[in-house]
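Colleague: I'd like to ask some things about the structure below.
The values are calculated or read from the model by the stated rules, or taken from the named source; none is laboratory data. As the structure is a prediction and not an experimental result, all values here were calculated from the model. Counting neighbours? That spans all protein chains shown, and the Cβs are built from the backbone with ideal geometry, glycine included. Side chains included, ligands, DNA and RNA excluded: accessible areas come from the protein's heavy atoms. Shrake-Rupley method; radii C 1.70, N 1.55, O 1.52, S 1.80 Å.
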Amino acid sequence: MREPGFTADGTWVGASVKRKEDPRLLTGRARFVDDIHLPRMLHAQFVRSSVAAGEITSVDLSRVRDVPGVVAAFTAADLDLGDITAVLDRPRSEFVPTAMPVLARDRVRFVGEPIAIVLAEDAYAVEDGLEAAEVTYRAGTPVLSEEQALAPGAPLVHDEAADNVLLDVSMFATEGIDDIFADAPCVVSVRATTGRQNALPLETRGVVASWDARAGQLLVQTCTQVPHVVRTVLAGCLGRPENTVRVVVPDMGGGFGIKCVVGREEIAVAAASLRVGRPVKWIEDRKDALTASFLAREQRYQARAAFDEAGRILALDADVLCDMGAYSCYPFSAGIEPLMASAEMPGVYRVPAYRVRGRAITTNKAPTAPYRGVSRPQYVMVMERLFERAARELGLGPVEIRRRNLITTFPYTGVNGITYDPGSYLESLNLAERVLTEEGWYERQRELAGQGRFLGIGYSCFNERTGYGSDAFAKRRMAVVPGFDISEIRMDTSGTVVATTGTMSHGQSHETTMAQIVADRLGLDLDHVFIQQGDTDRVAYGWGTFASRSITIGGSAVGLAAGRLGDKLLHIGAHLLRTRPDNVELSGGRVRKCDDHTRSLSYVDIAEVAYLKAHLLPKDVDPGLTATASFDGIGDGTFSNASHGVVVELHAGTGQVEILRYACVEDCGVAINPQVVEGQARGGIAQGIAGALFEQVTYDEQGEPSAASFIDYKVPTACEIPDISIHHLETPSAFTGNGAKGVGEGGTIGAPAAVLNAVNDALRPTGVELDDTPITPERVLGALEVRWTTR
Amino acid sequence: MKPPPFGYHRARDVAGATALVAELGEDAKFLAGGQSLIPMMNFRLARPAHLVDIARLGELSFLRRDDDRLHVGALTTHHEVESAPDRSVRGFEVVREAMRWIGHLPIRTRGTAGGSLAHGDATAEWCLLAVLLDAEIVTASPRGSRVIPAGEAFLGFFTTLLEPDELIVEVVFPKPAPHAALTEFAERRGDFAIVAAAVDLDVAGGRVTGGRVVLGGVAPVPLRVPAAEALLGAGERADAELFAACGRAAAEAVDPPDGPGPGADYRRSLVRALVARACEEALAR
Ligand SMILES: Cc1cc2nc3c(=O)[nH]c(=O)nc-3n(C[C@H](O)[C@H](O)[C@H](O)COP(=O)(O)OP(=O)(O)OC[C@H]3O[C@@H](n4cnc5c(N)ncnc54)[C@H](O)[C@@H]3O)c2cc1C
C-alpha cells in the first residue's frame, strides 16, 4: 500500500502530508473558545486599574449592578481566592517569590491590572457595566525603567523585593577571567537594549467556565498551552480537590508562550461562574491583549568579549537585566528570562571562559511570560554583535570569524556545564553563505555601494535547546518541575487507533505529526490514527506545549506507547497465526508472517479477538488493545541549530529597512513533516523580524501604555515579511524517539541577530552602529544622515 | 471594545437623512462606510446616541466626468475609485493612484470619499487630494445645499466646516491635473502616513511654471507650503535638482509635531525626501 503521503522508503515520518487539522480549520468548522455558546451563559470583563502604581482606597460596584443587563460584579474580597505564586528553589538572596492575586486587593501594580469582574447578559452590556465602576486610588510614583527601579530609595513594586530585584544570580565566573580580559589583544563590548514585545496570538486569551452537575466538576474550556497546570492552579486558588476541576482546550489560534502560564482571568472567571451558578465566558479584547496580558523581551545587555589575534574568543562577560514587569508568571517565575540568558549565552561557540550576572527587576508594567525563544533572540543578537565587532577590529570577515569559533566536535560540554549533542553548526553557516554568494548578493552590494546605496548582508548562528526533561528543568530549580510526558494508546474494534498526548498543539499540527509517528510504528494508514489532547480527564498529567518539547518529548511518548501496542498486536497475531513471536511483523494494517507474507491477519481480525472473542487470546494477554508509555527528556536535551542569512537595503530619505532576501538553513534532526517544520521556521522568523524592526510596547511617564491598538503596536503584516527560503540539514538526535529535535522557536531566535547584522553591514559607510531593537526607520535615517541622535 | 448603546436609523434619501440628523440633534451622526466611526465607537471614543445610516443611498455612489470636471459621489468607495477605468479618470490619475495608499483592501471596499473628507484626518489621502486640486465639496442640509472650497474645509485636528446635519453629497475636482502625484511613508503598508506629500506641477517645455505642494502629517490640517510652491513658479528646468530644492524648502518651512511617535526631525526629513519623490513621479506621469 503506497499512499501519496508516503516518503520514498514508505514511511509517514519525513513526508509533508496534508494536515489532519486543516479541513475543519479551513472550512470554518473548527471550534475555538469563542465558538462555545452554553445556555444561560454570561459574559465577563474586568474593571482594570487606571493607575500604574498605588493603593486602592475604594471600589464601588453598586452602580455597575444597576446597569441594564449586568447580572453580578465581584471584587477580590467577594471571591476570596488564593494567590498565584511562582516559586524557585533558590535562596532569598537569589530569588524573591511574590504573590499575584487573582484580583488586586489593596494595591495595583500596572495599568490594566484586574480589580473586579463584571458579568452581564451580553458582551455589550458588560462593557457598559465596566464604565459604571468607581475605583479610587492613592496613586504612587510608578517605576518604569531600569534606572527608576534600581535608584536608591526607589518606590518598591513589591515590599518584599528590596531594590525591585526579583532574581539576581551570578554564574560560572571562570577562574582568572579578569586576567584574560586584561591580557587579550582584542576586547570588544556591546551594550544593547531590546524592546518590550507582545507575543500576540491571533486568538486572544479566553475561557468558558461552567458547572457540570452530573460529573460534580467545574468544566473550564480555555485556550491554554498547559491544561494540567491550569487545573492544578485553579484547584489551589479555589481550594477544591483537583478531581473536581476539568480543563478542556478546544482549537487554538496561537499562544507563542503567553498561554503557557496561568492567567488570573481564567481563575476569576471560574470562581465567578461557581458563584452565580451559570456558565461564564470571557474573551479578552484586543486592547486588553495588547496592554494587560503577558508581555516579554525587554532586556538590557552589557557584554564584553576577549579575542586572540586569530579571532578566537577567549572569554565572555555579560550583565543581563530583564524587566519582568509587575508579577512573576506561574509556573516559570520572573526568573525565566535571566536564567535562560545566563545559562545558555555562549550558544554555538567554543567559549573557554565565562562570567554572567542575570537579574530580573520588577516594574509597574504588565507582567511577562516566556515568549517563543525566551531570551535567546536577545542573547544571540548580542553574541552575534560581539563577533561582528571583533571581526571588524581584527580585519576578519564576519563569516570567517564565526567559522573559527563554532563548535564542531560533539558531544561538547561547554563552560556553562551544558553538553551539546551533535549538530551542523559549521555546515549550516557555510550553506547560508553559499546561497547568498551564488545568488550574487555580494556583487550586488559592491555595485550599489558605487551608486551611494546601502545594501547590507548579515548572518546569525544559533542553537535551540529542545526536549528539556525533568532533570534539565530541575537545574533551573523550579518548585514544580516539568519535563516528562505520558501517552495512552488504544485500538478499537475497527482497527483504528487513538493516542493521547499531554502536549497541547496551539497551531503546531500535532494531530498530524504525532499521527505520522504512530502510523509508522503500527504500519497503519494515517487516516486510521487520531491524536487526542487538551482534556485533563483523558490524560493522567501532561506539561503541555512550550520550550519546543512536543515532538521531542510528547512525540517520543506517543511513539513508545504505539510500540507497546504494536508488541501486543504481534504477540496476539503470532498466537493466532500459530507461529513464533519473532516470525511476525506489522505492515499495511496487518500482522504478517515473516516467512510467508500470504499468511496474515488484519488489525480488525485481531481487535475482534481482543474485544469480542477474548477466550481466543493467549493466556498471558489481557483483553483489550491498550498501552501506556511515558518519556522524559534525556541529559541536557537535544539541540536544533540553524544559520540565517539576510540581505537588506536601507532607503535614504525614509530610513526604511527593506529585506531583499532571507535564507534559513535549519537542522532539526529528522523532520517528521518538512512542511510543518517550514511553517514553524517561517512564522518564527516573522516574529523575529517583528522584534528587530517593528514592535515595541511603550508607556508614557505615568505608566499608561501608549500602544493600545494595532495603530501603535506595529505588528508587521504579510507586506513587510519577505519570502523566506528554507534549506534543511539533518543531524538526527540520539535522544528522542524519531531522531527529531524541537523546532518551535528557532526562527524567532535567529532573525533579530541576522537582521541587525545586515543593517549594520549596510550602515558601515556611516560609521554608526545600531545595537538596540526595534530598529525603526527613524533611527536608521538618523544614522544615515548622522543628524540626530537615535530615539 | 464594544460600543455603548445607540439608536440605528436607515435613511431613504438625502433630504430624509439630513432632516433626521437635524431632528435627533447633536448626538446623531451619519454612518457611511463605518471604517472610522465604528472603530472609534468600539473604543468608546465616539458615543453618538443615534446613527443615521446613509450607506443605501445609491444615488451618492458614482464617479462621473463632465467636461473637464471629475465628480465623485460621497458614497463612492476608495476601492471603486481605485479600480476605475482609465477613461473615467483621464487627467485625474493622481486620484485613482492615491487610493492604493489607503488602508488595506477590505477597508477600501467599505470606506467612502465623503466619510474620509468629513472625518478630516490631516493625513487622509482624500483630504490632501481635495486641497491639492482645489476641489469643491458639495453638501446638503435642511437649510439647502452649499459648496465648500476644500481650501477652507479643514479647520483643525479632525475638525471641518461641516455642520452636524450637513451631508457631503459629492466632491468635484474642477480641472485635470496630468502632472500630479501623491506619495507617502509609513512603517507598514496600509498605515496612516507618518508624512504624506502631494504635488501638482504645471509643466511646459521641460520647465516647471507653477505648482502646488500639500503635506499631511506635519500640521493639524492638510498643509499647503507656499515656500516650496514659490520655487515651482520660477520657470526652472524640471529636474532632480529643482525637486530636491523644493523638498528642502518644504522641510524648512514646516514645523511638525515632535512625537508621540516619530519626532519632528524625522518628519522634516521625510518631507524633504517625499516632496522630491512626489515631484519626480508627477513629472513622469
Ligand atoms: C485599519 C484602517 C486603516 C486606515 N487607513 C487609512 C489611510 O491610510 N488613509 C485614510 O485616508 N483613511 C484610512 N482609514 C480610514 C478609512 O479611509 C475610512 O473609510 C474613512 O476615513 C471614513 O470613511 P467611512 O465611509 O468609513 O466613514 P464613517 O466611518 O462611516 O464616518 C466617518 C465620519 O464621517 C461622517 N460622515 C460619513 N459620511 C459622511 C457624509 N457623506 N457627509 C457628512 N459626514 C459624513 C460620519 O458621521 C463620521 O463622523 C483607515 C481605516 C482603518 C480601519
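Colleague: Using the Kirkwood radius over C-alpha pairs as Rh, can you work out the diffusion coefficient of the stretch A:639-736 via Stokes-Einstein at 25 °C, viscosity 0.890 mPa s, in µm² per second?
Modeller: 155
Colleague: For the stretch A:523-623, run through the trypsin sites (Lys or Arg not before Pro) and keep only the ones in DSSP coil with at most 14 other Cβ atoms within 10 Å of their Cβ.
Modeller: In loop regions of the stretch A:523-623 (DSSP not H, G, I, E or B), the sparsely surrounded trypsin sites (Lys or Arg not before Pro) are A:ARG578, A:LYS613, A:LYS619.
Colleague: Can you give the longest run of chain A that contains no GluC sites (Glu not before Pro) sitting in a DSSP loop with at most 12 other Cβ atoms inside 10 Å?
Modeller: Counting only loop sites that pass the neighbour cut-off, the longest clear stretch is A:310-700.
Colleague: Would you mind giving the mean number of other chain beta-carbons within 10 Å of the Cβ of each residue in B:187-193, as a whole number?
Modeller: 5
Colleague: Could I ask something else about it? May I ask you to list the lysines whose Cα is less than 27 Å away from that of A:LYS613, ignoring any residue fewer than eight positions away on the same chain?
Modeller: Counting by Cα, and skipping residues close in sequence, A:LYS613 has these lysines nearby: A:LYS568, A:LYS593.
Colleague: Using the alpha-carbon centroid of each, what span in Å lies between the stretch A:161-200 and the stretch A:332-403?
Modeller: With the stretch A:161-200 and the stretch A:332-403 each reduced to a Cα centre, they are spaced 9 Å.
Colleague: As a test of the formula, what do you get for chain A when each DSSP H run with n ≥ 4 contributes -39,500 (n - 2.57) and the sum is divided by the residue count, at 222 nm and rounded to the nearest 500 deg cm²/dmol?
Modeller: Here the helix-only value at 222 nm equals -8000 deg cm²/dmol.
Colleague: Can you sort A:LEU770, A:LEU576 by 1.4 Å-probe accessible area, starting with the largest?
Modeller: Sorted by accessible area, descending: A:LEU576, A:LEU770.
Colleague: Counting partner chain Cβ atoms within 10 Å of every residue's Cβ in B:265-277, what's the average?
Modeller: 4
Colleague: What aspartates and glutamates sit close enough to B:LYS29 to cross-link, taking a C-alpha to C-alpha distance under 13 Å and skipping anything fewer than 8 places away on the same chain?
Modeller: B:ASP53, B:GLU163, B:ASP165, B:GLU166
Colleague: Same structure again: Please express the shape of chain A as an equivalent ellipsoid: the semi-axes are the square roots of 5 times the eigenvalues of the C-alpha gyration tensor, given largest first in whole angstrom.
Modeller: 42, 38, 23
Colleague: Then there is this: For a quick check of your reading of the filter: which trypsin sites (Lys or Arg not before Pro) in the stretch A:153-214 sit in a DSSP loop and have no more than 16 other Cβ atoms within 10 Å?
Modeller: For trypsin sites (Lys or Arg not before Pro) across the stretch A:153-214 that sit outside H, G, I, E and B with at most 16 neighbouring Cβ atoms in 10 Å, the list reads A:ARG214.
Colleague: Still on this structure: Could you report the buried accessible area between B and A, both sides summed, computed with a 1.4 Å probe and given in Å² to the nearest 100?
Modeller: Interface area, both chains combined: 2300 Å², rounded to the nearest 100.
Colleague: Evaluate E = 1/(1 + (r/R0)^6) for A:GLU175 and A:SER145, where r is the Cβ-Cβ distance and R0 equals 51 Å; express this FRET efficiency to the nearest 0.05.
Modeller: My answer for the efficiency is 0.90.
Colleague: While we're looking at this one, here's another question. Please find the FRET efficiency linking A:VAL248 to A:ARG40, where r is the Cβ-Cβ separation and R0 is fixed at 22 Å, and quote it to the nearest 0.05.
Modeller: Approximately 0.70, to the nearest 0.05.
Colleague: How far is the Cα center of the stretch A:413-445 from the Cα center of the stretch A:720-791, in Å?
Modeller: That distance is 14 Å.
Colleague: Can you grab the distance from the C-alpha centre of the stretch A:563-609 to the C-alpha centre of the stretch A:471-496, Å, no decimals?
Modeller: 29
Colleague: Counting only DSSP beta bridges with both residues in chain A, tell me the antiparallel percent, nearest 5.
Modeller: Expressed as a percentage, antiparallel bridges in chain A total about 80.
Colleague: How much of the DSSP beta bridge set in the stretch A:484-631 is antiparallel, as a percent to the nearest 5?
Modeller: For the stretch A:484-631, the DSSP antiparallel bridge percentage is about 80.
Colleague: While we're looking at this one, here's another question. Spelling out what I want: for every residue of the stretch B:278-285, take phi, set θ = phi - 60°, compute 6.51 cos²θ - 1.76 cosθ + 1.60 (Karplus), and round to whole Hz; glycine and proline get x.
Modeller: 4, 4, 4, 5, 5, 5, 5, 5
Colleague: Cross-link list A:LYS18/A:LYS281; A:LYS18/A:LYS287; A:LYS281/A:LYS714; A:LYS475/A:LYS741; A:LYS259/A:LYS714: which exceed 24 angstrom alpha carbon to alpha carbon?
Modeller: Over 24 Å Cα-Cα: A:LYS18/A:LYS281; A:LYS18/A:LYS287; A:LYS281/A:LYS714.
Colleague: Let me ask something else. Residue by residue through the stretch A:199-213, what is 3J(HN,Hα) from phi via Karplus (6.51 cos²θ - 1.76 cosθ + 1.60, θ = phi - 60°)? Round to whole Hz and write x for glycine and proline.
Modeller: 5, 6, x, 4, 7, 6, 5, x, 7, 10, 10, 8, 9, 9, 5
Colleague: Quick one: which residues, 5 or more positions from A:THR493 or on another chain, have an amide H under 5 Å from its amide H? H modelled 1.01 Å from N in the peptide plane, none for Pro or chain starts.
Modeller: none
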